[in-house]
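To start, the structure itself, in structure tokens.
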Amino acid sequence: MIVYPNINPIAIDLGFVSIHWYGISYVIGVLVAWVLLRYRVSHSQLFLDNEEIADLVFFAMLGIIIGGRLGSIIFYNFSYYLAHPLEIFFIHKGGMSFHGGLIGVIFSVWLFSCKKNISFFRITDFIVPVIPIGIGCGRIGNFINGELWGSPSNLPWAMIFPNSAAGGVARHPSQLYEAFFEGLVLFIILWWFSRIPRPVKATSALFLIFYGVFRFLVEFVRMPDQHIGYIAFNWLTMGQLLTMPMILLGIIFLIMAYQAEN
């Protein structure tokens with residue numbers, strides 16, 4: 001068994017303000033995605049200059065932050081935040097929903113596509129290969145915060161989180177599983193797939209399918225939110241419930257993409 005290294009979630013404490021690793025992880029994810037998008041645009045048929053890419057990243061970042069926070073509040077803990085409204089703004093403590101962030105990004109990209117008069121799916125196909133970078137960084141932030149740990153395990157790499165509600169029990173380090181599969185592996189798949197021109201919607205569809213599958217599988221060894229528990233069958237979690245439509249939509253979009261090509 002491995003004992004969690006007890007990383008201080010505060011990276012820099014200036015007294016009047018604290019900078020948390022969780023926030024830094026998101027900043028790193030956005031900056032790396034920005035650099036990769038500038039590289040991708042020179043190898044794509046989407047004509048955007050550096051200023052337009054910066055605008056796109058800014059729109060997407062707002063979507064991630066606002067959508068991710070609202071998703072966490074609405075999907076996972078609405079009653080709590082209704083009773084503690086000021087804590088809505090305590091993002092540094094965690095509490096970001098991927099599915100809420102995805103909805104936020106979709107809305108922000110739609111606004112950008114309308115502003116620039118560019119096909120919505122051409123933009124999503126352009127950006128989704130870099131999204132796993134942000135997901136992976138966010139999961140590392142969860143790990144540093146010692147949150148979203150997994151179910152009890154006796155595997156050699158099972159980890160004990162002594163200073164949390166995990167109760168000192170060896171558990172799956174599910175944050176690292178997600179960082180690996182939803183971050184690194186998904187990035188490799190999408191970057192490889194999009195290296196040559198593909199039908200419009202195809203890359204976006206692949207993102208929905210593979211993220212959905214990876215998240216659905218990891219949820220089997222990730223503890224559900226304590227105040228929610230399992231939604232049904234003593235195994236279906238809220239994360240799995242929200243992920244199933246992604247997989248279905250991804251399959252539909254992939255079929256549509258290749259049918260339109262014929």
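The values are calculated or read from the model by the stated rules, or taken from the named source; none is laboratory data. None of these values were measured; they are calculated from a predicted model. Here the Cβ positions follow ideal geometry from the backbone for every residue, glycine too, while neighbour counts run over all protein chains shown.
Here ALA54 meets each of (1) surrounded by 15 or more Cβ atoms within 10 Å (Cβ to Cβ); (2) over 19 Å from SER97 (Cβ atoms) with one exception, condition (1).
Taken over region 38-65, the criterion of being aromatic (Phe, Trp, Tyr) and farther than 24 Å from PRO197 by Cα is satisfied by PHE58, PHE59.
Looking across region 187-223 at every residue that is under 16 Å from the mean Cα position of the chain (by Cα) and of a type in the set (Ser, Thr, Tyr), the one that is farthest from VAL41 (Cα to Cα) is identified as TYR211. For ALA205, all conditions in the list (1) outside any loop (DSSP other than H, G, I, E, B); (2) surrounded by fewer than 23 Cβ atoms within 10 Å (Cβ to Cβ) hold save one; what is the number of the exception? Just one mismatch for ALA205, condition (2).
Of GLU219, GLU178, all but one fail to be under 17 Å from LEU102 (Cα atoms) and not in a loop (DSSP other than H, G, I, E, B); the exception is GLU178.
Would it be correct to say that LEU217 is modelled with pLDDT of 95 or more, under 28 Å from MET159 (Cβ atoms) and surrounded by fewer than 17 Cβ atoms within 10 Å (Cβ to Cβ)? Yes. Kindly list, by first and then second residue, each pair from a residue in region 241-253 that is of a type in the set (Val, Ile, Thr) to a residue that is surrounded by fewer than 21 Cβ atoms within 10 Å (Cβ to Cβ), limited to pairs with Cβ atoms under 7 Å and residues at least 6 apart or on different chains. Between residues of region 241-253 that are of a type in the set (Val, Ile, Thr) and residues that are surrounded by fewer than 21 Cβ atoms within 10 Å (Cβ to Cβ), the close pairs are THR243/PHE216; ILE247/ILE209; ILE247/VAL213; ILE251/ILE209.
Residue-wise test of (1) at pLDDT below 90; (2) of a type outside the set (Ser, Thr, Tyr); (3) within 20 Å of TRP34 (Cβ to Cβ).
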residue	(1), (2), (3)
ALA83	yes, yes, no
GLY95	yes, yes, no
SER113	no, no, yes
THR124	no, no, yes
VAL130	no, yes, yes
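Okay, residues lined up against (1) on the phi > 0 side of the Ramachandran plot; (2) surrounded by fewer than 22 Cβ atoms within 10 Å (Cβ to Cβ); (3) within 13 Å of the chain's Cα centre (by Cα):
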site: PHE143; (1), (2), (3): no, no, no
site: GLY146; (1), (2), (3): yes, yes, no
site: GLY150; (1), (2), (3): no, no, no
site: LEU155; (1), (2), (3): no, yes, no
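The requirement of being outside any loop (DSSP other than H, G, I, E, B) and touching a residue at least 40 places away in the same chain (Cβ under 8 Å) is satisfied by LEU186. Between VAL105, VAL35, the distinction of being at pLDDT 85 or above, surrounded by fewer than 16 Cβ atoms within 10 Å (Cβ to Cβ) and of a type outside the set (Lys, Arg) belongs to VAL35 only. Is there a residue being at pLDDT below 90 and either under 27 Å from HIS43 (Cβ atoms) or among the charged types (D, E, K, R) (or both) anywhere in region 234-257? No, the conditions are met nowhere in region 234-257. Taking the criterion of being part of a helix (DSSP H, G or I) and either of a type in the set (Val, Ile, Thr) or loosely packed, with under 15 Cβ neighbours inside 10 Å (or both), the residues of region 234-262 that qualify are THR243, MET244, PRO245, ILE247, LEU248, ILE251, ILE252, ILE255, TYR258, GLN259, ALA260, GLU261.
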